[in-house]
Amino acid sequence: MYNIFVDRFNNGNRNKKPSNPKKNSFIYANWSDTPMYIRDKNDEIIRWDFYGGNLKGIIEKLPYLSKMGVSIIYLNPIFESPSNHKYNTGDYKKIDPMFGDEEILKELIEKANTKGINIILDGVFSHTGADSKYFNKFGNYDEVGAYQSKDSKYSSWYTFNEFPDDYKCWWGVKDLPNVNELNESYMNYIIYEEDSVINKWTSMGIKGWRLDVADELPTEFIKEFRKELKKNDSESILIGEVWEDASNKISYNERRSYLVGNQLDSVMGYPFRDNIVSFLKGNITSKELNNKFMTIKENYPKESFKANLNLISSHDVPRIKTELNYDEAMVKLAVATQMTFEGVPYIYYGDEAGLCGGTDPDNRKTYPWKNEDENMIEFYKESINTRKQYNVLINGDTEFIDTNDDDVFGYIRFNDKYEKMLILVNRSLENKNISIDIKENTLEIVDIKYSSKKYLEFISKECEEFNLQISPKSFNIFNVTNHIEV
C-alpha cells in the first residue's frame with residue numbers, strides 16, 4: 001500500500017501552477033521549499049500553505065507506482081476543505097477543487113485499475129470543519145449551517161454547550177467541531193441514503209476506506225459503516241486508525257472489539273513501527289522484540305494479523321530516515337523487515353526516494369522529483385519484487401526464533417506447502433556468527449546485495465548444519481526447501 005498526501009505528491013498541470021488556489025492561501029514559490037505553518041500570536045493557523053499537488057499528478061505517476069510494485073493507493077482526505085491536509089472536511093460529497101473533480105477521480109480510478117492498482121479514501125467522520133457546509137461558522141457556504149441557526153438541518157449533528165460559540169470539538173480545536181455520529185440524520189447522510197457518502201464514492205470504484213481516529217467513533221457507527229460498505233462492494237476494505245494493540249484497546253471507558261469480524265478489516269500498524277524502530281535504535285534486544293511481536297500476533301485473529309498495515313512512516317510521525325538518524329543501512333533493515341514480515345507493507349510517499357522529515361509539517365515535504373535517492377528506490381523495487389516472487393512472504397505464517405544474540409533478530413515465514421523463508425536482521429556494527437540447527441536439508445540462499453550494478457544475487461548450496469555469518473548492519477533472506485525442519 002502506498003500512502004499519498006495529495007498536495008505534496010505531484011502537480012499534473014502542464015504549467016505546474018496550483019489549480020483553483022484558495023482565498024488568502026500561501027503558495028510556495030518552489031516545489032522543493034520547506035513546509036511551514038503561518039500562525040498568529042495565539043499559535044492558531046491563520047493562512048494555509050499549498051504546493052499544488054493534485055489528482056492529475058497521481059495519474060501522471062501511475063507508471064512509476066506500477067513499476068514500484070504498488071497495488072493499493074491510499075489517499076489522505078481529498079474532499080473540499082480549507083486546509084492542505086483536508087482533515088477538517090468542508091463537504092463530504094465534493095472533491096476539493098485544488099485536487100480536481102469527480103471526472104478526474106474517475107479517470108484516476110480507471111487508469112489505476114488497468115495497472116492492477118486500487119484506490120482507497122480517508123474518511124474523517126468524528127468531526128467536520130468549522131468552515132463547512134454543515135457548520136458554516138464563517139458563512140462561506142450558501143446553506144444555513146449549525147453555527148448560524150438552531151433551525152439548520154445540520155443542527156442536531158453537533159453539541160452546543162452554549163449556542164453558538166461554546167460547542168464540543170475535537171481535542172479542544174475550535175476549527176474541528178465534533179459530530180454526534182449516531183444521530184439519525186448524520187447516519188443517513190454518511191451511511192444509509194442511496195446517495196450517502198459511502199455509496200456515492202464506493203459506487204464510483206473506490207475500493208475501501210480508512211477511518212480517521214477510529215477510537216473516537218462509536219462501535220455501532222463502525223459496524224453500520226462496514227455493513228453498508230460490504231453491501232455495496234463485498235471486496236472493499238475498511239481500515240481503522242488505531243495506534244495501539246487493536247485487540248485490547250480501551251477507548252472512552254469501552255473495551256473495543258475492532259477485529260472480531262464485524263468492524264475493521266485492518267488497522268494502522270503503529271506497534272510494528274514502534275517495535276522495529278526501538279530495536280534498530282538499540283533500545284530493546286532481539287528477544288524483547290520477539291516478545292513484542294509475538295504478543296501482537298497472539299492477540300490478533302489470524303486474518304487480522306495478515307491484514308495489518310506494517311508502516312514505518314506516516315504523516316503523523318517522523319519519517320523513518322530521520323527517526324534512524326539518516327543511517328541508510330538502518331533504513332534498509334527496517335524496509336527489509338517490513339517487506340518480509342507478515343502483514344501488508346505500507347509505504348509513505350517519498351520514503352522510497354530518501355525523503356526525510358521530523359514532526360509535522362516537516363514530515364509532509366513534497367516528493368523530490370528529479371532529486372530522488374535512486375539507490376533507495378532500487379532497493380524498494382527489489383524488496384517488493386522479492387516479496388512478490390515468494391508467495392510464502394505474502395500469505396505464509398510466522399515463527400519467531402531466538403538467535404541467542406541481542407543484535408540479531410530472526411523469524412521464519414512458512415506455509416502448508418512446506419515453503420520456508422528464514423530472515424535474519426543484524427543491527428550491530430560487527431560480524432555476527434549465528435548457528436541454527438537444521439537436519440538434512442537443501443538451502444537456496446536469497447541474499448539481497450547491492451553493488452554498482454544493483455542486482456539480486458541467488459546462491460544455492462547444500463549443508464547439514466546452518467552456520468551463518470551476518471555482516472554488520474545487514475540482513476539475509478534464506479529460502480529453505482525440501483521439507484526442512486527449522
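Just so you know, all these numbers are worked out from the coordinates, no wet-lab data involved. Please read these numbers as outputs of a predicted model, since none were measured by experiment. Don't worry about glycine lacking a Cβ; one is built from the backbone with ideal geometry, like all the others, and counts go over all protein chains shown.
Below are the figures for this structure:
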read-out: Rel. contact order, % - alpha carbon contacts under 8 angstrom, at least six apart, region 9-57; value: 54
read-out: Folded to 0 to 90 degrees: helix 219-232 orientation relative to the chain principal axis, Cα; value: 80
read-out: Built amide H within the under 5 Å cut-off of Thr403, gap 5+; value: Gly410
read-out: Shape box of region 159-258 [Cα atoms, principal axes, largest first, Å]; value: 43, 34, 20
read-out: Relative contact order, percent, region 86-187 [alpha-carbon distance under 8 Å, six or more residues apart]; value: 22
read-out: Net charge, Lys115 excluded, C-beta distance under 14 Å - Lys, Arg +1, Asp, Glu -1; value: +1
read-out: Cβ-based exposure ranking for Phe400, Phe272, Phe163, in which fewest neighbours within 10 Å come first; value: Phe163, Phe400, Phe272
read-out: Leu468 long-range amide H proximity, modeled H, under 5 Å; value: Ile434, Ser435, Ile436
read-out: Under 19 Å from Lys168, Cα to Cα: lysines that are on another chain or at least 8 residues apart; value: Lys133, Lys137, Lys150, Lys153
read-out: Value at 222 nm in deg cm²/dmol, rounded to 500, when DSSP H runs of n ≥ 4 in the chain each add -39,500 (n - 2.57); value: -7000 deg cm²/dmol
read-out: Inter-part distance where region 250-290 and region 4-45 are each reduced to a Cα centre, Å; value: 33
read-out: Residue-wise HN-Hα coupling along region 319-329, computed from phi with Karplus coefficients 6.51, -1.76, 1.60 (Hz; x: Gly, Pro); value: 5, 4, 5, 6, 4, 9, 6, 6, 8, 4, 4
read-out: Rounded FRET efficiency, nearest 0.05, which uses the C-beta distance separating Asn404 from Arg14 and R0 of 56 Å; value: 0.40
read-out: Relative contact order of the chain, defined on C-alpha pairs under 8 angstrom at six or more residues apart (%); value: 10
read-out: Net charge contributed by nearby residues that have their C-beta within less than 10 Å of Pro77 (K/R +1, D/E -1); value: -2
read-out: Part-to-part distance (alpha-carbon centres) for region 330-369 and region 140-169, which is given in Å; value: 40
read-out: Which of Asp91, Asp101 has the fewest Cβ neighbours within 10 Å, and the rest in rising order; value: Asp101, Asp91
read-out: Ranked list, fewest to most other Cβ atoms within 10 Å of each Cβ, for His127, His315; value: His315, His127
read-out: Extension gain (nm, one decimal) between Asn24 and Ser251, 0.36 nm per residue minus Cα-Cα; value: 77.9 nm
read-out: Karplus (6.51, -1.76, 1.60) ³J(HN,Hα), θ = phi - 60°, over region 303-312, in Hz, Gly and Pro reported as x; value: 5, 5, 5, 6, 9, 4, 8, 8, 9, 10
read-out: Spherically averaged projected area in nm², based on the convex hull that wraps the Cα atoms of region 201-344; value: 9.4
read-out: Cα gyration tensor shape for region 18-91, rounded if a/c is under 1.5, else prolate or oblate; value: prolate
read-out: Fully extended contour minus Cα-Cα distance, from Glu184 to Lys150, at 0.36 nm per residue; value: 10.6 nm
read-out: Radius of gyration, Dmax [region 299-400; alpha carbons; angstrom]; value: 14.3, 44
read-out: Local electrostatic count, Lys106, Cβ distance below 13 Å [Lys/Arg +1, Asp/Glu -1]; value: -2
read-out: Projected area, mean over directions - the chain, Cα convex hull, nm²; value: 23.9
read-out: Selection of trypsin sites (Lys or Arg not before Pro), region 306-415, meeting DSSP coil and at most 15 other Cβ within 10 Å; value: Lys370
read-out: Per DSSP, loop trypsin sites (Lys or Arg not before Pro) in region 174-258 with at most 14 further Cβ within 10 Å; value: Lys174
read-out: Per residue, the convex hull volume that the Cα atoms of region 56-203 enclose (Å³); value: 119
